[in-house]
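The values are calculated or read from the model by the stated rules, or taken from the named source; none is laboratory data. Keep in mind the model is a prediction, meaning the values are calculated, not measured. Counting neighbours? That spans all protein chains shown, and the Cβs are built from the backbone with ideal geometry, glycine included. Calculation scope for accessible area: heavy atoms of the full protein, side chains included, ligands and nucleic acids excluded. Shrake-Rupley method; radii C 1.70, N 1.55, O 1.52, S 1.80 Å.
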Amino acid sequence: MSDERFIQYETEGAVATVTLDRPDARNAQHPPFLEQFDAALKQGAADRDVRVIVVKANGPHFSAGHDISPASAKHFKDVMDPSSGILSHYAWEQENYLEMTRRWRDLPKPTIAAVHGKCIAGGLMLCWPMDLIMASEDAMFSDPVLRMGVGGVEYHAHPWELGARKAKEFLFTGDFIDAQEAWRLGMVNHVVARDQLETKTYELAEKIAQMDPFALRMAKQSVNRTLDEMGQWNAMQAVFDMHHLAHAQSRILNQGNAIQGQTISSMKSAG
Ligand code: ZN
């Protein structure tokens, strides 16, 4: 197993920083990247001296989303078993794209994402579950996966983050919204100049780190539990099943094309 690092973890005083550090691939997420991200957040949660966790990114963009490049396919091959039908795909995404993301949302300490550049599809799953989001003026957000036949990324927080009507436009078009629009919709807490992003993020982190950790935890849980009482988690699980209905649809259509292609080529060879 490679010990290549895609995520950095460091602490200074009461603040831990988890840095997305795969800049050449625009912080695209393959299984090792996600494992390391999850491990770093767990480390921040376990570290007694840490009171606030900051998530930020190296490189020109926050994250290009799930890594669907051919080079990344080997990582997915290791975790998927095509002979199980849709089961291994469903189970892997359920753990890695749904349950794990929910655990990030419910980490026992406050989390702040500092987002710059583009944050696309799966990239949203690295900032939406955080408690607060600081965006720089150049931040842009989109979820264009409808073009790939599914109705949004697996962590379906869209209606909660954007409001139902904007969520539909966001999904139907796949268009970007910029930082100001994200702020207007309540999706991010603050928009700051690009060169101020780190300073402002750490100012906020230090301010929160002064508060009583137990009271912070209760405040965080109060909001998250309210969201769940409003049906957020149940809705996300139901939508995740629809997401896999869409994956199955794509698979059937692709097989249909393959069968049709075979038939055409056998017809040709038969003269
Ligand atoms: Zn999926």
Q. Is it the case that the stretch 170-182 has a residue that's without any contact (Cβ under 8 Å) to a residue 60 or more places away in the chain, open to solvent by less than 60 Å² (accessible area, probe 1.4 Å) and over 18 Å from the mean Cα position of the chain (by Cα)?
A. yes
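Answer with yes or no whether Pro60 is at pLDDT 95 or above, open to solvent by 50 Å² or more (accessible area, probe 1.4 Å), in contact with a Gly (Cβ under 9 Å, 6 or more places away or on another chain) and more than 30 Å from Ala219 (Cα to Cα).
Details: at pLDDT 95 or above: yes; open to solvent by 50 Å² or more (accessible area, probe 1.4 Å): yes; in contact with a Gly (Cβ under 9 Å, 6 or more places away or on another chain): yes; more than 30 Å from Ala219 (Cα to Cα): yes.
Answer is yes for this residue.
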Q: Kindly establish whether Trp92 is over 14 Å from the mean Cα position of the chain (by Cα), surrounded by 15 or more Cβ atoms within 10 Å (Cβ to Cβ), within 16 Å of the ligand (Cβ to nearest atom) and not aliphatic (A, V, I, L, M).
A: yes
Q: Kindly indicate whether Leu98 is in contact with a helix residue (DSSP H, G or I) (Cβ under 6 Å, 6 or more places away or on another chain) and open to solvent by less than 60 Å² (accessible area, probe 1.4 Å).
A: yes
Q: Only residues that are assigned to a helix (DSSP H, G or I), in contact with a helix residue (DSSP H, G or I) (Cβ under 7 Å, 6 or more places away or on another chain) and within 16 Å of the ligand (Cβ to nearest atom): list them for the stretch 139-183, please.
A: Val145, Leu146, His158, Leu171
Q) Which pairs do you get when a residue that is at negative phi and open to solvent by less than 70 Å² (accessible area, probe 1.4 Å), found in the stretch 196-211, comes within reach of a residue that is at pLDDT 95 or above and assigned to a helix (DSSP H, G or I), reach meaning Cβ atoms under 8 angstrom, with the pair 6+ apart or on two chains? A) Ile208/Leu216
Q. Has the stretch 219-227 got any residue that is open to solvent by 80 Å² or more (accessible area, probe 1.4 Å), over 20 Å from Val54 (Cβ atoms) and away from the ligand (no atom under 16 Å from the Cβ)?
A. yes
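Out of the residues in the stretch 45-57 that are touching a Ser or Thr at 6+ places or on another chain (Cβ under 8 Å) and more than 21 Å from Pro23 (Cβ to Cβ), which is surrounded by the fewest Cβ atoms within 10 Å (Cβ to Cβ)?
We begin by selecting, within the stretch 45-57, every residue touching a Ser or Thr at 6+ places or on another chain (Cβ under 8 Å); these are 47, 49-50, 52-57.
Next, only the ones that are more than 21 Å from Pro23 (Cβ to Cβ) stay: 47, 49-50, 52.
Values: Asp47: 15, Asp49: 9, Val50: 20, Val52: 27.
Only one residue tops the list, namely Asp49.
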